[in-house]
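All of the numbers you see were taken from the coordinates with simple rules; none came from a lab. Predicted model only: the values in this text are computed from it and were never measured. Neighbour counts run over all protein chains shown; Cβ positions are idealised from the backbone, glycine included.
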Amino acid sequence: MTRYAKEMSTVLDMELITSPVLNHEPKYGWCAFVHWKESGMHIYTWDNRVPKFFSVDIYTCKPFEDTDAVRYTEEFFGDNLIKLTWKE
């Protein structure tokens with residue numbers, strides 16, 4: 001999650017204020033927050049679910065191409081990605 005978050009920051013040309021902050025809850029899964037100068041990104045996983053679930057929420061005041069975020073996510077996860085949906 002750390003590498004994904006840092007690289008997504010670069011892909012979207014967002015300025016990191018802090019490194020990704022991670023937290024784990026054994027009953028549910030991992031979460032992460034990245035603070036950007038332009039706003040931020042949250043990542044949530046649910047480990048105890050079939051299939052596994054991974055969610056990314058990007059909040060920003062700075063315009064970016066959603067297709068860049070989608071393309072990077074597809075490249076990063078490759079064959080591990082079961083389904084990808086997004087909306088503005």
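Within segment 52-88, being of a type in the set (D, E, K, R) and farther than 20 Å from residue 31 by Cβ holds for 62, 65, 66, 68, 71, 74, 75, 79, 83, 87, 88. When the residues of segment 60-85 are filtered to those that are among the hydroxyl-bearing types (Ser, Thr, Tyr) and in contact with a Phe, Trp or Tyr (Cβ under 9 Å, 6 or more places away or on another chain), the one that is surrounded by the fewest Cβ atoms within 10 Å (Cβ to Cβ) is 60.
On the stretch given as segment 28-81, residues that are among the hydroxyl-bearing types (Ser, Thr, Tyr), within 14 Å of the chain's Cα centre (by Cα) and closer than 18 Å to residue 1 by Cβ total 6.
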